[in-house]
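The structure under discussion appears below in the form of structure tokens.
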Amino acid sequence: MREALFYKKEGERVICTLCPHRCSLRDGQIGACGVRVRNGDKLHTLVYGKLASIAVDPIEKKPLFHFYPSKQILSIATVGCNMFCKFCQNYTLSFFDGKGKTLNIYGQDVMPERLVEIAISYDSMGIAYTYNEPTVFYEFIKDTSILMKQSGLKNVWVTNGFIEEEAQLSLKGLVDAVNNDLKFFSDKKYKKYTGGRLRPVLETLKRWKKMGVWLEVTTLIIPEVNDDPAEIDDIIDFILNELGDETPWHISRFHPHFKMANHYPTPPITIRKIRERALEKGLKFVYSGNLWGDEGENTYCPNCGKLLIKRTGYNIEEYNIMNSKCKFCGYKISGEGL
């Protein structure tokens with residue numbers, strides 16, 4: 001175990017201040033994430049250097065479509081999460097019931113120095129902290145990220161955005177790119193389906209932009225849950241007004257899973273209609289997720305409409321960007337490493 005960052009003592013309780021749950025813990029009690037425990041007057045992380053998953057992925061899998069396209073990135077995870085999504089795709093890593101049951105802590109012991117060596121040996125552009133929620137293994141990420149930056153490599157977060165301001169801001173200069181979920185535009189739905197809340201996620205999204213991090217946003221479209229046109233418009237308007245029209249939005253098709261295994265999948269036409277609506281309202285880059293072969297996987301020039309990047313799944317089949325500009329009309333395409 002390592003001593004955790006971001007906690008304080010208040011009377012007989014230790015308060016974790018890493019995420020908006022702000023768990024108030026008795027001695028020996030584990031936080032809602034399942035991986036932070038009080039020992040005496042201190043808070044410890046149970047997953048420092050405990051890698052439950054490690055793989056090399058295309059950056060497009062995160063998904064990040066405007067950040068060094070076609071590059072490979074080392075992707076790692078521990079166990080634990082600070083949301084409890086009923087539709088979680090990685091529940092074997094993430095799920096914890098938050099009711100005192102101890103999460104099964106497992107993983108291969110890999111320290112930050114060794115992880116940097118592994119990334120370099122695989123010719124990876126950097127490390128993506130993904131699969132489970134990066135916030136819950138914050139201490140390990142921060143130590144690793146410092147070494148990664150010293151080695152000239154990139155740090156990428158794939159996150160639910162449920163993190164407190166102080167912790168997020170202390171990452172300034174260490175995080176290069178983020179894909180942040182915006183699961184709903186309803187606090188009630190956040191509570192019902194994830195155990196989280198809307199407002200902290202919105203604030204996190206705005207702070208990423210202010211921190212100068214390259215940001216892309218993902219929304220999983222679940223039939224009869226968050227596909228209502230009014231809620232979709234709210235999400236689009238938030239991205240337009242608070243994050244900027246150049247911010248890529250990935251709208252992903254839901255497949256029945258975990259506690260929503262009996263729900264039905266998103267009809268492809270729903271994804272296509274939402275994408276059309278977002279483009280009509282002014283977003284420049286809107287992508288279809290979990291819909292391989294759809295034209296919504298491609299990048300088109302917002303100025304001349306020509307095809308810039310043709311994708312099938314995670315593979316790039318055609319590339320028409322030169323020096324971050326459209327090859328046909330010279331329009332500047334937002335992103336990094338284009």
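Residues checked against (1) over 19 Å from residue 66 (Cβ atoms); (2) part of a helix (DSSP H, G or I); (3) among the aliphatic types (A, V, I, L, M):
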| site | (1), (2), (3) |
| --- | --- |
| 180 | no, no, no |
| 184 | yes, no, no |
| 203 | yes, yes, no |
| 209 | no, yes, no |
| 219 | no, no, no |
| 225 | yes, no, yes |
| 230 | yes, yes, yes |
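Which of the residues that make up region 249-273 are small (Gly, Ala, Ser) and modelled with pLDDT of 95 or more?
Taking region 249-273 and keeping what is small (Gly, Ala, Ser), we get 252, 261.
Matches in region 249-273: 252 only.
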Looking at residue 221, is it surrounded by 19 or more Cβ atoms within 10 Å (Cβ to Cβ) and modelled with pLDDT of 95 or more? yes
Does residue 149 qualify as being among the charged types (D, E, K, R), closer than 21 Å to residue 337 by Cα and in a helix (DSSP H, G or I)? yes
If residue 38 satisfies every condition in (1) within 28 Å of residue 215 (Cα to Cα); (2) buried (at least 20 other Cβ atoms within 10 Å of the Cβ); (3) not acidic (Asp, Glu) but one, which is the exception? (1)
Taking region 271-302, which residues are out of contact with any Ser or Thr (no Cβ under 7 Å at 6 or more places or on another chain) and part of a loop (DSSP other than H, G, I, E, B)? 282, 283, 284, 291, 298, 301, 302
Leading residue by the ranking (nearest to residue 84 (Cα to Cα)) among those in region 1-55 that are over 25 Å from the mean Cα position of the chain (by Cα), in contact (Cβ under 8 Å) with a residue 24 or more places away in the chain and part of a loop (DSSP other than H, G, I, E, B): 29
Of (1) buried (at least 17 other Cβ atoms within 10 Å of the Cβ); (2) in contact with a Gly (Cβ under 8 Å, 6 or more places away or on another chain), residue 272 fails just (1)
Give just the number: which of (1) surrounded by fewer than 19 Cβ atoms within 10 Å (Cβ to Cβ); (2) touching a residue at least 40 places away in the same chain (Cβ under 8 Å); (3) within 21 Å of residue 172 (Cα to Cα) does residue 140 not satisfy? (1)
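Evaluate the following for residue 305: is it more than 19 Å from residue 236 (Cβ to Cβ), more than 22 Å from the chain's Cα centre (by Cα), in contact (Cβ under 8 Å) with a residue 12 or more places away in the chain and in a loop (DSSP other than H, G, I, E, B)? Break it down into steps so the answer makes sense when it comes.
Details: more than 19 Å from residue 236 (Cβ to Cβ): yes; more than 22 Å from the chain's Cα centre (by Cα): yes; in contact (Cβ under 8 Å) with a residue 12 or more places away in the chain: no; in a loop (DSSP other than H, G, I, E, B): yes.
Considered against the rule, which asks whether it is more than 19 Å from residue 236 (Cβ to Cβ), more than 22 Å from the chain's Cα centre (by Cα), in contact (Cβ under 8 Å) with a residue 12 or more places away in the chain and in a loop (DSSP other than H, G, I, E, B), residue 305 comes out as no.
If you go through region 62-83, how many residues are among the aromatic types (Phe, Trp, Tyr) and over 15 Å from the mean Cα position of the chain (by Cα)?
Of all residues in region 62-83, those among the aromatic types (Phe, Trp, Tyr) come to 65, 67-68.
Applying the additional criterion that residues be over 15 Å from the mean Cα position of the chain (by Cα) yields 68.
Adding up the residues that qualify gives 1.
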Within region 194-218, how many residues are surrounded by 22 or more Cβ atoms within 10 Å (Cβ to Cβ) and among the small types (Gly, Ala, Ser)? 1
Specify which of the listed residues (217, 158, 225) is β-branched (Val, Ile, Thr) and closer than 30 Å to residue 109 by Cα. 158
Quick test for you: out of 280, 242, pick the one residue that is out of contact with any Phe, Trp or Tyr (no Cβ under 6 Å at 6 or more places or on another chain), closer than 24 Å to residue 209 by Cα and without any contact (Cβ under 8 Å) to a residue 24 or more places away in the chain. 280
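The values are calculated or read from the model by the stated rules, or taken from the named source; none is laboratory data. Since the structure is predicted, the reported quantities are computational estimates derived from the model, not experimental observations. FYI the Cβ positions are ideal-geometry reconstructions off the backbone, even for glycines, and counts take in every protein chain you see.
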